[in-house]
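The values are calculated or read from the model by the stated rules, or taken from the named source; none is laboratory data. No experiment lies behind these values; they were computed from the predicted model shown. Positions of Cβ are generated from backbone atoms using ideal geometry, with glycine treated the same way; all protein chains shown enter the neighbour counts. When the accessible area is computed, the model is the full protein with side chains, heavy atoms only, and any ligands, DNA or RNA have been set aside. Shrake-Rupley method; radii C 1.70, N 1.55, O 1.52, S 1.80 Å.
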Amino acid sequence: MSHGQSAFDAAQELRALLPRKYELAVVLGSGFYPILENLQVIKEIPYSVIGNFPKSTVPGHAGKFVCAEVEDTPVLFLSGRLHYYEGHSMQKVTFPVRVLAEAGIRHLLLTNAAGGIHPDLAPGDLMVVNDHINFMGDSPLRGMPGSGFASPFVDLSNAYDRRMTDLLVKAGRLVGLKMQTGIYLAVSGPHYETPAEIRVFRQAGADAVGMSTVPEVIVANHCSLPVAAVSCIANRCSGLSRSPLNHEDVLETVAGASEMISRFFSSFVRLYSN
Ligand code: HPA
């Protein structure tokens, strides 16, 4: 079965389970989960009840849809994302995006934790992604048929939706955040980079580096689903600070930013729904 067909089937199953219609979906990355603690959850739908829906292997990220309301605006969250570094194919990692597009979602927000390269990006800062560099060495559209489906030769010259991106920046500034915009460079991971790699990435114009998001952005564009992304800077990149990098510290830093992230997110939804 083609991914198009199985995403269509999964979307039908999802739609039947949703309590209402959703236009905004949000993929929660490391650090963004606490958003859920401060809002009204209407229903949870484990990924496992939807046939074909891939399951995450990261402990504690069982994977579920969370149907919620943020100040009366319905938002569909994806709690638990698949990463390329877990060994999944690009097609599998991006399958949820195809399902969302088929299920009638109009706007997709991707969130992640990233390492800061630009000197102005400190741990705890938020960066709205305005462009990316794909250094993962793969494309989720590789092998896609050129006919009977949207063309795999997708134009990425405006990959990040301008209106959503502007709203994200404005939302952050309204709650007192600096809100920078920048270029996200994606690596496959799971290892962190060497200082020499980070120097190359800086010269190439990257502001932050992470291990997710880019495949999903490519597929959202393939599905003509407007998409935006925001990174919580978890650490200064390899070679840019004295502290050694480890996953637990990265998670701890973003956990410390949770209250600010919740305020930012409510501010975004308020602007989005007006
Ligand atoms: N590099 C890559 N991915 C990351 C980093 C990093 O320094 N921090 C959080 N995700």
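Things to note:
- Shape call, the range 32-163: gyration tensor on alpha carbons, a/c limit 1.5: rounded
- Cα-based shape type of the range 204-273, given that a ≥ b ≥ c are square roots of the gyration tensor eigenvalues and the cut on a/c is 1.5: oblate
- Calculated FRET efficiency for the pair residue 224/residue 153, C-beta based, R₀ 25 Å, to 0.05: 0.95
- Within the straight-line cut-off of under 18 Å between alpha carbons, the lysines reachable from residue 55 are 64, 92, sequence neighbours fewer than 8 places apart in one chain being disregarded.
- Build a GNM of the chain with springs between Cα atoms under 10 Å apart, and of 151, 139, 188 the one that fluctuates most is 151.
- Counted charge near residue 74, where neighbours are those whose Cβ lies closer than 13 Å (Asp, Glu -1; Lys, Arg +1): 0
- The chain - mean residue ellipticity at 222 nm from DSSP helices (-39,500 (n - 2.57) per run, n ≥ 4, rounded to 500): -9500 deg cm²/dmol
- The simple spin-label model puts a point 7 Å past each Cα toward its Cβ; for residue 170 and residue 49 those points are separated by 3.7 nm.
- Probe 1.4 Å, accessible area per residue of the chain, Å²: 44
- Computed from backbone phi with θ = phi - 60° and the Karplus coefficients 6.51, -1.76 and 1.60, the 3J(HN,Hα) list for the range 21-34 is 8, 10, 9, 10, 10, 10, 8, 8, x, 3, x, 9, 4, x Hz; x is used for glycine and proline.
- Sorted largest first, extent of the chain alpha carbons per principal axis (Å): 51, 42, 35
- For the chain, size of Cβ-based charge dipole, Lys and Arg +1, Asp and Glu -1, in debye: 280
- Three-way shape label, the range 130-274, alpha-carbon gyration tensor, a/c 1.5: oblate
- Within the accessible area of the chain (1.4 Å probe), percent carbon and sulfur: 50
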